[in-house]
Amino acid sequence: RAAKGGRARKSQSNTTENARSIDNTAGLSTLSSAALDMMNKRTENSTKDNYKSKLNSFYKWLRAKNPELWDSVSGVVRWSLLNSAIIPNFLSEEMWNKNGTAKSQSTMGNYRSAISNSYKDALHCTCLPSDMDKSISDFFAGYKRNCSKLKEKGLMKLDEGKRGFTMSGYRLTVMHGLKTISNSKTLLIVWFHLIYTWNLAARLASAVNLRTNLFGKSIDCFYVQFANHKGDEDGDNSWPKHIYANTFDPLICPHLVLAVVVLCDSGGLGASDAERIFDVSTAGDIFTSWLVTMMNSLSDDELLRMDISRGDLGGQSGRKGSTTYLSSFESTNITALFQRAGWSIGAVSERYISWTPGGDQTVGRLACGLVPDNTNFAALPPHFVPGEEILTPAEWKSLFSGYDNYPYGFQSILPLLLASAVYHSEWLKTNLPQSCALFNTIFWIEDYPTRLRSKVKVGLFHDAESGMTATGVPHHVHVMQSILNLEVKINEMKTSIETLNNHHSVIECTGKSDHHAAQSQERPHCSSCSVSQSSDLKDVLTLLANNIANIANRNNTVYSAAVEPNSVSPISNIEHASSTSIQINTASASEQQLQEETILYPQYSWGGAFHLFPENFKINTQLNARGLWNIWFHGDPTANLPPLKRLTAKDIPSQQRMTLCRANTVVKRLLSKQSTPNQNISRLSLIESGEIFHACMNKLIDDEGFSQRATLEWNFQTLYQKLAIKKKQQQQDH
């Protein structure tokens, strides 16, 4: 009932609105030309041009099918006479292409928008009549289902519109352009728009209209901030888009392509603060026509290698491909990606989630081609050290035509652009055609690359000399760098200990067996030496390095090498080797044995520290003596927990500590019955360990006078209590 009431109120409102608009049409004729001009600006000229072609089809159909609705004298539609059947009838005849295939939903939607907009303009109303609006909506609901059926049968393409680039296709397309385009202006237009539609996730129209006053300098990059775009005509959600350099792949480096474009400019981009990057009104047409020419000139095999289909690329392919590529990374903040692409995140979300630079900075790094699975993601751009005089004012003006007229924001990024051109000058010489205007500029003729190369700095994370710090770097990349630094230090330590080991061998052998030392110049060895040539330290350090490498490759969990007592301990051996006596354990063990004795267990963070047991760990009090024995020495493989003997009081809550104490007492009483004391049971197999348990248990049962069957069935707490009672009786007897 509420829904019906809502529709009734909407219908009544629409009817009232239309009646009021028709009555007030005469009053609108008094609007001034300036007011009318401003009202007409609510729709972009490009949109009006698109509407015009759709309306011409509608007018032609209307004159043929419903001439009474056409005013032949004034040449306009009698919009007020349209009924709810007219527009669906037109759409049903217009929905087929000449080849018999159905038109896409987006194409049909353009017809709807054009007719609706013209109807509202002609009658000065804000909405269509409710019955007309419902008939059109019902038509499109059916058309949508019809299209899905046609796609299912293979009679329509699954994807509407042009496809986006893949990353590999994007790179290969740029490479193909640099190799095949001989005209310098076309080359720069194609290269620039390929790179910037991808990096900005922007429409071609936005990239074509880039102006010098939209640029600004950030910490280690520059940014572009559009005044508005198709999805935000009012400019309410205009955010800076950070543009980063890719020092490892100059082919798709945004800094480099802009540097080449600006250096090649001869007309002066700074003729005014709002000057476009390309002083060519047809730059967009040149770019799209080249895409068509490229696809037509390539063979099917070449298109397959470039991961594109003939006819599937267009001006929006960079934007579509970029957003798809960026969304594939875990490091991408989806909200930041939506804001960069100019998509709405919803009225409520936009009210509570504000734009922040950090998210867009990470997206900017990903967009320029840096990959977050290595430390190169934190690359700094080619840059000069601040404070150093790079060029004189006269030289800046000679290099960059119209330098004085550039806006401050664009002037501030010129050092970054120049540094990039200098750093990649050899690549430019090799990969750009000789016809490129760059080779006729002062920059190249007067050999500025050679002159400035020594002043250009690059690096990762932070440059102490220039003070530049990488922004937009996720935390895991910093952790990766710390692990790599640790690995380097361990390798250095390994080398130092091996050197100490060799020196110690020489000293021992010289003192005890000069004869053997004389026979072996490389590494003397004799049977009386206290140092084994099998180098246990070498094996231990190799294993430790491997463990750290494993840590780097695991996600979300910190691992620790848990070394059993009496086994070779990496830390203890390192400390031992660095002492003054340099007493090194002579008991050799192969790397395989070390790997069997050393197991990686996960560590759990709680209570402000790392622990080998989770916070909610509880000892199973229903375990019998054999079960306790197994987990005490061998741990719980199913839960990946270490031997229980490694459990300390700090690892468990206070109420569990009594249980741990009782378990420890039971195990100690069993070990006291060993025929061969001080065995490292943790190194034994479960079968060997079980044999020792049964021997100890039988001896305990005999000594205490317990029933064998009952004792084996008791849980360890009951066994503890029985042993405590026996001990008390023995004390009373004495």
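The values are calculated or read from the model by the stated rules, or taken from the named source; none is laboratory data. Source: prediction; values computed, not measured. Using ideal geometry, Cβ is built from the backbone for each residue, glycine included, and neighbour counts are taken over all protein chains shown. Remember, those area values only see protein heavy atoms, side chains included, never the ligands or the DNA or RNA. Shrake-Rupley method; radii C 1.70, N 1.55, O 1.52, S 1.80 Å.
Per the Debye calculation on the stretch 142-253 with a single equal scatterer at every Cα and no solvent contribution, log₁₀ I(q)/I(0) for q = 0.15, 0.17, 0.24 Å⁻¹ amounts to -0.84, -0.96, -1.35.
Excluding ligands, DNA and RNA, the accessible surface per residue across the stretch 124-173 is 59 Å² with a 1.4 Å probe.
Put simply, the amide H of Met156, placed in the peptide plane, has neighbours under 5 Å in Lys151, leaving out anything fewer than 5 places away on its chain. Of all lysines in the structure, the ones whose alpha carbon falls short of 21 Å from that of Lys673, not counting any fewer than 8 places away in one chain, are Lys645, Lys699, Lys722, Lys726, Lys727, Lys728. A straight line joining the Cα centroids of the stretch 291-332 and the stretch 355-380 runs 22 Å.
So for Glu389, Glu498, what's the accessible-area order with a 1.4 Å probe, most first?
Details: Glu389 130, Glu498 55 Å².
So the residues, ranked largest to smallest area, are Glu389, Glu498.
Packing, as the average of other Cβ atoms within 10 Å across residues, places the peptides 48-61, 317-330, 423-436 in the order 317-330, 423-436, 48-61, highest first.
Counting only protein heavy atoms and using a 1.4 Å probe, the accessible area of Val479 comes to about 60 Å². If R0 is 25 Å, the Cβ-Cβ spacing of Asp733 and Gln674 corresponds to a FRET efficiency of close to 0.45.
When the expected Rg is taken as 2.2 N^0.38 Å, what fraction or multiple of it is the alpha-carbon Rg of the stretch 327-390?
Working: Rg = 15.5 Å, N = 64, 2.2 N^0.38 = 10.7 Å.
After normalising by residue count via 2.2 N^0.38 Å, the value is 1.45.
A cut-off of 5 Å between modelled amide H atoms, ignoring neighbours fewer than 5 places along the same chain, links Gly216 with Tyr223. Projecting the alpha carbon convex hull of the stretch 307-437 along each direction and taking the average yields 13.1 nm². Within the assembled protein chains, the solvent-accessible surface assigned to Arg78 is about 90 Å², based on a 1.4 Å probe. Ranking Asp236, Asp651, Asp133 by solvent-accessible area of protein heavy atoms (1.4 Å probe, all protein chains present), from largest to smallest, gives Asp236, Asp133, Asp651.
Of the solvent-accessible surface of the stretch 436-477, computed with a 1.4 Å probe and all protein chains present, 54% belongs to carbon and sulfur.
For Lys179, the lysines whose Cα falls under 17 Å of its own Cα, not counting residues fewer than eight places away in the same chain, are Lys429.
Probe radius 1.4 Å, ligands and nucleic acids left out: which of Ile353, Ile345, Ile181 has the largest accessible area, and how do the rest follow?
Ile353, Ile345, Ile181
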